[in-house]
Amino acid sequence: MQGFTDEDFQRLHTYIRKCFGIDLHNKKQLIVSRLSNTVTAEGFNGFHEYVEEILRGQNKELISGMLNKLTTNYTYFLREKEHFDFLQNIILPELEKRHQGDKCLSIWSAGCSSGEEPYTISMYLKEYFARKQGNWDLRILATDISQNILNSAMNPVYGMDSISKLPPAWQSKYFVKKPDGNLTISPDIRNNVIFRPFNLLDTPHWKRPFDLIFCRNVMIYFDQPTKDALVNRFYQVTVPGGWFFIGHSEGLTKQTCPYAYIEPAIYQKK
Ligand SMILES: C[S@@+](CC[C@H](N)C(=O)[O-])C[C@H]1O[C@@H](n2cnc3c(N)ncnc32)[C@H](O)[C@@H]1O
């Protein structure tokens, strides 16, 4: 197989940043290690032919396969517990008051990976609203650009390590053990979550604005202008008074951020 020239690397990482936001300008080795097998398996003579085909932009399957390989999907249940404490203690009591009329909450997990984040949210909603009167409509939209990772989120199988941060009572209540020892999620937690493929560089087309948006540990892979534009798009689809969570290792630029800062990694549309 022919090697990966600096010129083809440049063309490929520029295309990926422009179309999907992911900044790989210093990740040539990562691209080589994650895509070499695909280049061979798909019958290309080398990276040059592969890059040409990707840049034509017509081969959706090849592009989707590339995204499956290049995205970083690391996640686990109850990641960054501070967010879930804030959800339970501040946001849910407030949303309960606000939505007494329609009894309907709208939450978006943007960059949901294999489902641990939206399923954790679903558990918190279930716990909170179990004690409340009436039938609450608690749907969580969960989106990701990688079709493979969405498939595993929709057919969830988890190991013990992934759920170790959850309270033991939730581990037994909300998971079902499979014959091979792995775990799957109970239907009542699963049913609140709707998974959809979505590229965060596209304009959101969802029917309702959101009371709360999680976009955690996704924008770390984006450059600053892409991040700023994305935060503005999130802002457009947040209800006034709604919240926005980012990962604790990320930051938003004070000068350009339309949300008000509440506490680390928590923002609100005032
Ligand atoms: C590290 S995971 C974060 C999972 C979860 N939010 C968390 O904090 O644990 C980042 C996810 O963002 C997704 N992602 C990256 N670029 C994206 C884009 N342009 N549109 C949608 N999702 C994207 C990746 O596929 C990956 O599953």
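The values are calculated or read from the model by the stated rules, or taken from the named source; none is laboratory data. Computed from a prediction, not measured in an experiment: that's the story for all the values here. Quick reminder, even Gly has a Cβ in these numbers, built from the backbone with ideal geometry, and neighbours come from all protein chains shown. Keep in mind that these areas ignore ligands, DNA and RNA; they rest on the heavy atoms of the full protein, side chains included. Shrake-Rupley method; radii C 1.70, N 1.55, O 1.52, S 1.80 Å.
Things to note:
- Note on residue 161: accessible area is roughly 120 Å² with a 1.4 Å probe, heavy atoms of protein only.
- A crude spin-label estimate for the pair residue 171 and residue 82, with each label 7 Å from Cα along the Cβ direction, gives 2.5 nm.
- Per residue solvent-accessible surface (Å²) - the stretch 45-195, probe of 1.4 Å: 46 Å²
- Loop-resident chymotrypsin sites (Phe, Trp or Tyr not before Pro) (DSSP state other than H, G, I, E or B) in the stretch 164-222 with no more than 16 further Cβ atoms inside 10 Å of their Cβ: 206.
- Listed residue pairs exceeding 28 Å between alpha carbons, taken from 132/165; 126/269; 27/177; 81/227: 27/177
- The chain: calculated mean residue ellipticity at 222 nm from DSSP helix runs of at least 4, using -39500 (n - 2.57): -12000 deg cm²/dmol
- Built amide H within the under 5 Å cut-off of residue 106, gap 5+: 211, 212
- Environment charge at residue 259 (Cβ cut-off 11 Å; Lys +1, Arg +1, Asp -1, Glu -1): +3
- Spacing of the modelled spin labels on residue 69 and residue 89, each 7 Å from Cα toward Cβ, amounts to 4.6 nm.
- Low-density loop cleavage sites - trypsin sites (Lys or Arg not before Pro) in the stretch 216-254, where at most 11 other Cβ are within 10 Å (DSSP): 254
- Taking a ≥ b ≥ c as the square roots of the Cα gyration tensor eigenvalues, the stretch 1-85 comes out prolate, since a/c reaches at least 1.5 and a/b is larger than b/c.
- Most mobile of 79, 56, 196 in a GNM of the chain (Cα contacts under 10 Å): 56
- Based on Cα contacts under 8 Å between residues 6+ apart, the stretch 142-237 shows a relative contact order of 32 percent.
- Using C-alpha pairs under 8 Å with a sequence gap of at least 6, the mean separation divided by the residue count of the chain gives a relative contact order of 18 percent.
- In degrees, nearest ten, helix 116-130 long axis to first principal axis of the chain (Cα): 10 degrees
- Shown for the chain: the carbon plus sulfur share of the solvent-accessible area, taken with all protein chains present and a 1.4 angstrom probe, equals 50%.
- Share of alpha-carbon pairs per 10 Å distance bin for the chain, given as whole %: 6, 28, 31, 22, 10, 2, 0
- Residue 207-residue 248 pseudo-label distance in nm [points 7 Å out on the Cα-to-Cβ vector]: 3.7 nm
- Evaluated with a Cβ-only charge set (Lys, Arg +1; Asp, Glu -1), the stretch 41-122 carries a dipole of roughly 240 debye about its Cα centre, given to the nearest 20.
- Between the stretch 203-237 and the stretch 143-174, the Cα center-to-center distance that results, in Å: 23 Å
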